[in-house]
Number of protein chains: 4
Amino acid sequence: MTHTIKDKAKLLGRIRRLKGQAEAVERALEAERGCTDVLMLVASMRGAINGLTAELMEDHIRHHVVDPATEADAGRARGATELIELVRTYLK
Amino acid sequence: MTHTIKDKAKLLGRIRRLKGQAEAVERALEAERGCTDVLMLVASMRGAINGLTAELMEDHIRHHVVDPATEADAGRARGATELIELVRTYLK
Amino acid sequence: MTHTIKDKAKLLGRIRRLKGQAEAVERALEAERGCTDVLMLVASMRGAINGLTAELMEDHIRHHVVDPATEADAGRARGATELIELVRTYLK
Amino acid sequence: MTHTIKDKAKLLGRIRRLKGQAEAVERALEAERGCTDVLMLVASMRGAINGLTAELMEDHIRHHVVDPATEADAGRARGATELIELVRTYLK
């Protein structure tokens, strides 16, 4: 994964926040907080995982398939832009 | 959440495994492992979150709505059993 | 499923709209409309299915487990209200 | 969407089956079948929609971005193959 430093920092930020969210769920379970509170925390983890997945897929498309920003073939550039948009729609 | 000790231990085990999975994703990103490998690790986190959600919902049904194991009303006991089955089907 | 007439009419309305959405996808495929357009139509079907699922689960909770509107036990009524809220959060 | 005839026929088959599934749900609601039965039919529609989405995305990748079967650049061909695999994993 020869990603730019910027991408890597962003992805690491996302996964560290997810680890922090898992720790918040752990503390809520230990403190015997209500089911609904715990489930809301878990729902926010699920949202964060979908966001991370969408970002990883977008990176994969840009770095290993077609990067719309540098692609010479206009049809492929448009196809890749649409694909990134679709991945975001379906995963976020 | 006045759960039995057993439920709490099981749920804590699940969330701690999830934290471990987040750490594995963090290490994979730091080691610049391939996108596909990282995405497979993230997909397994998503599965674990669905499993945790299903278990928390099942606990909520048993402890705060109707517990099929102790419910006197046979119709309600059957309705709650079916509901737990549906939650599992939709979330796992 | 001894639902009130009102529930049945609402659910039938939802599934008939879904059938109409499937027909729109069929026409889009036959007209060889772009992938992105077809995928957007399919995404709206997915949203409609999640909405129908949430409504069917809510009906199941109210009619076969605990109906918060008529339940004498305040704890159960609150538990069922929270459960309906959770099902909506997770499925919509 | 300049798909091959084969793709179009396959996609039309899928959406027509989905329309048939919607009609089965409609009949089940009219016959006042149990919630659980109706929800199982709706769950099978959800699975069919995920399958259709994955197939449409795969077609989009092959026809508008990179087709691994004909791509000269080996890196891109591998990247597109992995992407198709990921889309299937996440949507099916």
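The values are calculated or read from the model by the stated rules, or taken from the named source; none is laboratory data. Just so it is clear, the structure is predicted and the values come from calculations on it, not from any experiment. Here Cβ is always computed from backbone atoms with ideal geometry, including for glycine, and neighbour counts include all displayed protein chains.
Remarks
- In segment D:18-30, the residues that are within 11 Å of residue C:19 (Cβ to Cβ) reach residues that are assigned to a helix (DSSP H, G or I) and basic (Lys, Arg) with C-beta atoms within less than 8 angstrom, at least six apart or across chains, in these pairs: D:19/C:19; D:22/C:19; D:23/C:19; D:26/C:16; D:26/C:19.
- Verdict on residue C:53 being touching a residue at least 24 places away in the same chain (Cβ under 8 Å) and polar (S, T, N, Q): yes
- Remark: pairs (first residue in segment A:78-92, closer than 16 Å to residue D:84 by Cβ; second residue not in a helix (DSSP H, G or I); Cβ separation under 8 Å; 6+ apart in sequence or on different chains) = A:79/A:66; A:80/A:66; A:80/A:67; A:80/A:68; A:80/A:71; A:84/A:68.
Residues are listed down the side, and each one gets a yes or a no for (1) away from chain C (no Cβ under 14 Å); (2) surrounded by 15 or more Cβ atoms within 10 Å (Cβ to Cβ); (3) under 24 Å from residue A:55 (Cβ atoms); (4) of a type in the set (Asp, Glu):
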| residue | (1), (2), (3), (4) |
| --- | --- |
| B:7 | yes, yes, no, yes |
| B:15 | yes, yes, yes, no |
| B:47 | yes, no, yes, no |
| B:61 | no, yes, no, no |
| B:68 | no, yes, no, no |
| B:71 | no, yes, no, yes |
| B:76 | no, yes, no, no |
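- Residue satisfying all of: in segment C:25-36; loosely packed, with under 14 Cβ neighbours inside 10 Å and in a helix (DSSP H, G or I); modelled with the highest pLDDT among these: C:27
- Tallying residues that are more than 7 Å from every other protein chain (Cβ to nearest Cβ), touching a helix residue (DSSP H, G or I) at 6+ places or on another chain (Cβ under 9 Å) and of a type in the set (A, V, I, L, M) within segment B:17-45 yields 4.
- Only one entry of B:11, B:56, B:86 meets the criterion of being in a helix (DSSP H, G or I) and within 22 Å of residue D:91 (Cα to Cα), and that entry is B:86.
- For segment D:49-59, a residue qualifies if it is crowded, with 20+ Cβ neighbours inside 10 Å and of a type in the set (A, V, I, L, M), and the qualifying residues are D:49, D:52, D:56, D:57.
- Within segment C:78-88, the set of residues being surrounded by fewer than 22 Cβ atoms within 10 Å (Cβ to Cβ) and within 21 Å of residue D:45 (Cβ to Cβ) comprises C:88 only.
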